[in-house]
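*Asks:* Take this structure first; my questions come after.
The values are calculated or read from the model by the stated rules, or taken from the named source; none is laboratory data. Predicted model only: the values in this text are computed from it and were never measured. Every residue, glycine among them, receives a Cβ derived from its backbone with ideal geometry; neighbour counts consider all protein chains shown.
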Amino acid sequence: MNETSLRRHALWLVLLAAAGAFALTMGVRQTMGLFLSALNTSTALGIGSISLAFAFGQLWWGLTQPFAGAVADRIGTGRVVFIGVLLVAVGTLITPLMTSTAGLIFAIGVLAAGGAGMAGPSVLMAATTRLVPADKRGLATGLVNAGGSFGQFAMAPIAVGLTAAVGWAGAMQWLGVLVLLALPAAWVLKGNSNAMAAASAAASGTKPLSARQAIGQALATPSFRYLSLGFLVCGFHVAFLATHLPGVVAACGLPAEVGGWALAMIGLFNIVGSLAMGWAVGRWRMKSLLSLVYATRAIAVLVFLLAPKTTLVMLVFAAVMGVTFLSTVPPTAGLVAKMFGPANMAMLFGIVMLAHQIGGFLGAYLGGYVFQATGNYDIVWYIDIALAAGAALVHLPIREARLARSKLAAA
């Protein structure tokens, strides 16, 4: 086997490891909404209290990513992913044993969500950016993102089937066991971006930026702030759908299994959206693609509210949402890499993901709070439309040109 073939095989191994790990951690997290009703019946805590546990998980998932990214940049991606996968498994396994809001927050919000953050997109995307050639990064991040989408598509019907076979508690615990299949990815993705950046800096005679300098430079950059604000809106939308779409289905008077298939449709069509976006980021301005995605969301939600609530409408709506669901990740990660380079990429993208998950906290919690107060989700849908329209506009002033090295060094 020649050197070119070896490089090609190594590239595909990296993509398989990152996409597979994301598929398992994201798939398990995104199916948790299917168990919301069962948790409520079992614990009698109320939808609002259980939604708080899910919402805290959204926030904690985001909070862990800048720190996990900073650690991965320094001690290696593999170790961080290994610990993260173990935490997801433990948190998912013990969730059925929790009978209080605090217990659910600990299992779902701290262990499972924190572990998924450690083995989440900021760490995995940064590893992919580090290990693949620059001209293939857009497609590579799209493929990794599609892995998370496939995980949601595959895990939703698996969760429904397991629930029918062994009950909701057994189903959740089996999902905790399945996520352990991501452990081998830790070996493939070993290494860190700071070592690469240090070697590059030594060759060029410059000093690499410290974590503090990199964060200061990013936060002082208006384009980075606009990008983070738009991603906050993405988090609101994604978390609301992932947590409450089964509840929306039930509120529309549709069979419960439609909720599982709607989540699966989101995952299936998210594969299409992720791959298409990975291809598109190398051909069009990434900020324009993001504006298009957010505008599409606003229009789709508005049409859904006006349409009759049938099974077909629900599945078509889920498919459209799937195309836009995580297709924001490749251009968002691409803009961070384009502005600041691969050094400190995991940490800087982790900060953007934190903004995403602040929105996720609001989407998950407000969904349950509004439903408990009004008996429907209408107010949240209207908020979602307004936020999506705003996000479509806030990306327009973003500058895509990479910052000059002299400006980075002066941070």
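*Asks:* When you look at Ile383, is it within 25 Å of Val123 (Cα to Cα) and surrounded by fewer than 22 Cβ atoms within 10 Å (Cβ to Cβ), yes or no?
*Replies:* no
*Asks:* Just checking, which of Gly76, Gly103 is touching a residue at least 40 places away in the same chain (Cβ under 8 Å) and over 17 Å from the mean Cα position of the chain (by Cα)?
*Replies:* Residue meeting the stated conditions: Gly76.
*Asks:* Anything in region 136-174 that is at pLDDT below 80 and surrounded by fewer than 21 Cβ atoms within 10 Å (Cβ to Cβ)? List them, or say none.
*Replies:* Within region 136-174, Lys136, Leu139 qualify.
*Asks:* Do you know which residues across region 88-100 are surrounded by fewer than 23 Cβ atoms within 10 Å (Cβ to Cβ), assigned to a helix (DSSP H, G or I) and touching a residue at least 12 places away in the same chain (Cβ under 8 Å)?
*Replies:* Val90, Leu93, Ile94, Pro96
*Asks:* Would you say Ala392 is modelled with pLDDT of 90 or more and aliphatic (A, V, I, L, M)?
*Replies:* yes
*Asks:* OK, next. Given the residues Gly48, Gly27, Gly20, which is the only one that is surrounded by 24 or more Cβ atoms within 10 Å (Cβ to Cβ) and of a type outside the set (Asp, Glu)?
*Replies:* Gly27
*Asks:* Test each condition in (1) farther than 19 Å from Val249 by Cα; (2) among the hydrophobic types (A, V, I, L, M, F, W, C); (3) free of Cβ contacts under 8 Å to residues at least 40 places away in the same chain for Ala333 and report the one that comes out false.
*Replies:* Status for Ala333: all satisfied but (3).
*Asks:* Another question, then. Take the residues in region 269-279 that are among the aliphatic types (A, V, I, L, M) and buried (at least 21 other Cβ atoms within 10 Å of the Cβ), then tell me which one is farthest from Thr31 (Cα to Cα).
*Replies:* Only one residue tops the list, namely Met277.
*Asks:* Residues being among the basic types (Lys, Arg) and either outside any helix (DSSP H, G or I) or at pLDDT below 80 (or both): count how many of those fall in region 206-264.
*Replies:* Within region 206-264, residues that are among the basic types (Lys, Arg) and either outside any helix (DSSP H, G or I) or at pLDDT below 80 (or both) number 2.
*Asks:* Residues Val258, Val281, Val233: which one is under 22 Å from Gly390 (Cβ atoms) and either among the aliphatic types (A, V, I, L, M) or touching a strand residue (DSSP E or B) at 6+ places or on another chain (Cβ under 7 Å) (or both)?
*Replies:* That would be Val233, the only listed residue that is under 22 Å from Gly390 (Cβ atoms) and either among the aliphatic types (A, V, I, L, M) or touching a strand residue (DSSP E or B) at 6+ places or on another chain (Cβ under 7 Å) (or both).
*Asks:* Looking at Gly167, Gly148, Gly114, which is the one that is without any contact (Cβ under 8 Å) to a residue 24 or more places away in the chain and of a type outside the set (A, V, I, L, M, F, W, C)?
*Replies:* From the options Gly167, Gly148, Gly114, the qualifying one is Gly167.
*Asks:* Given the conditions (1) in contact with a helix residue (DSSP H, G or I) (Cβ under 7 Å, 6 or more places away or on another chain); (2) within 18 Å of Met26 (Cβ to Cβ), and given that Ile158 satisfies all but one, which numbered condition is not satisfied?
*Replies:* (1)
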